[in-house]
């Protein structure tokens with residue numbers, strides 16, 4: 001690109017071809033971009049999808065020159081996000097879940113002029129101004145228990161580390177993602193842990209969040225893997241890998 005866009009939306013995508021997921025999200029995103037005065041790029045990272053995700057993404061890229069599509073062969077949301085962040089060119093790089101459980105219009109809360117002079121800003125469903133829509137109570141309880149464990153074992157002070165919408169200043173993203181070792185869905189715990197170790201300020205931004213079923217995260221089934229990955233993060237820190 002001749003000039004750096006203000007914002008890059010990085011969307012990891014694994015089997016997101018259902019009409020109410022990536023296709024609907026891309027429709028919402030293109031409508032949003034059409035109303036904005038600043039330049040935005042969209043980076044879709046196909047992560048070995050076995051459905052029509054790649055075809056949907058490539059069709060969108062043919063229709064809109066601000067959309068780019070790449071494929072990451074290492075399986076895992078963390079691997080897909082890392083690949084997308086490596087090529088994203090925006091001044092601010094925004095991780096965006098493919099189902100858009102956060103309405104795309106909320107992204108303006110994370111960039112100038114609404115937010116300026118920051119390093120990292122993460123979406124939070126737990127602040128007084130946040131809104132959670134249609135979420136089953138048991139899922140909320142599970143999320144709070146997970147966050148409690150994260151705050152004890154790895155990250156202090158943040159109320160919602162696992163919401164899938166996070167914004168990084170370009171230079172900060174390049175530094176942190178180069179140090180990422182986790183390919184699974186706790187990759188963002190690693191990134192935020194390293195960011196705190198380096199003294200970066202992490203802002204929590206209240207959002208509206210809409211619960212959508214068919215999540216690929218299985219809290220109980222994945223619990224042992226999550227614990228192992230957190231141990232790995234602490235061990236990496238002890239060995240100085242993040243320094």
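The values are calculated or read from the model by the stated rules, or taken from the named source; none is laboratory data. The structure presented is a predicted model; accordingly, all values stated were derived computationally and were not measured. For neighbour counting, all protein chains shown are included, and Cβ atoms are generated from backbone atoms with ideal geometry for every residue, glycine included.
Before moving on, here are some points about what is shown:
- Exactly one residue among 86, 123 is in contact (Cβ under 8 Å) with a residue 40 or more places away in the chain and in a helix (DSSP H, G or I), and that residue is 86.
- The residue that is modelled with the highest pLDDT, among those in region 129-168 that are out of contact with any strand residue (DSSP E or B) (no Cβ under 8 Å at 6 or more places or on another chain) and under 21 Å from residue 94 (Cα atoms), is 155.
- Residue list for region 54-73, filter: surrounded by 14 or more Cβ atoms within 10 Å (Cβ to Cβ) and out of contact with any strand residue (DSSP E or B) (no Cβ under 9 Å at 6 or more places or on another chain): 59
- Here 84, 17, 90 are screened, and the one residue that is out of contact with any strand residue (DSSP E or B) (no Cβ under 9 Å at 6 or more places or on another chain) and surrounded by 18 or more Cβ atoms within 10 Å (Cβ to Cβ) is 17.
- So residue 121, is it modelled with pLDDT of 95 or more, at negative phi and touching a strand residue (DSSP E or B) at 6+ places or on another chain (Cβ under 6 Å): yes
- For region 60-77, residues that are in a helix (DSSP H, G or I) and either in contact with a helix residue (DSSP H, G or I) (Cβ under 9 Å, 6 or more places away or on another chain) or within 27 Å of residue 185 (Cα to Cα) (or both) total 4.
- Screening residue 26 against (1) surrounded by fewer than 17 Cβ atoms within 10 Å (Cβ to Cβ); (2) touching a strand residue (DSSP E or B) at 6+ places or on another chain (Cβ under 9 Å); (3) in a helix (DSSP H, G or I); (4) touching a residue at least 24 places away in the same chain (Cβ under 8 Å) leaves a single unmet condition, (1).
- Restricting 128, 113 to residues that are more than 26 Å from residue 22 (Cα to Cα), in contact (Cβ under 8 Å) with a residue 12 or more places away in the chain and assigned to a loop (DSSP other than H, G, I, E, B) narrows the list to 128.
- The requirement of being touching a helix residue (DSSP H, G or I) at 6+ places or on another chain (Cβ under 6 Å), assigned to a loop (DSSP other than H, G, I, E, B), within 25 Å of residue 194 (Cα to Cα) and in contact (Cβ under 8 Å) with a residue 40 or more places away in the chain is fulfilled nowhere in region 43-57; no residue meets it.
- Residue in region 210-231 that is out of contact with any helix residue (DSSP H, G or I) (no Cβ under 9 Å at 6 or more places or on another chain), closer than 25 Å to residue 102 by Cα, surrounded by 14 or more Cβ atoms within 10 Å (Cβ to Cβ) and modelled with pLDDT of 90 or more present: yes
- Of the listed requirements (1) touching a helix residue (DSSP H, G or I) at 6+ places or on another chain (Cβ under 9 Å); (2) modelled with pLDDT under 95; (3) exposed (fewer than 15 other Cβ atoms within 10 Å of the Cβ); (4) farther than 18 Å from residue 12 by Cα, residue 201 misses just one: (2).
- Yes/no for residue 99 being surrounded by 15 or more Cβ atoms within 10 Å (Cβ to Cβ) and in a loop (DSSP other than H, G, I, E, B): yes
- Residue within region 189-207 that is assigned to a loop (DSSP other than H, G, I, E, B) and within 17 Å of the chain's Cα centre (by Cα) present: yes
- Residue check for residue 86: modelled with pLDDT of 95 or more, within 19 Å of residue 180 (Cα to Cα) and under 19 Å from the mean Cα position of the chain (by Cα): yes
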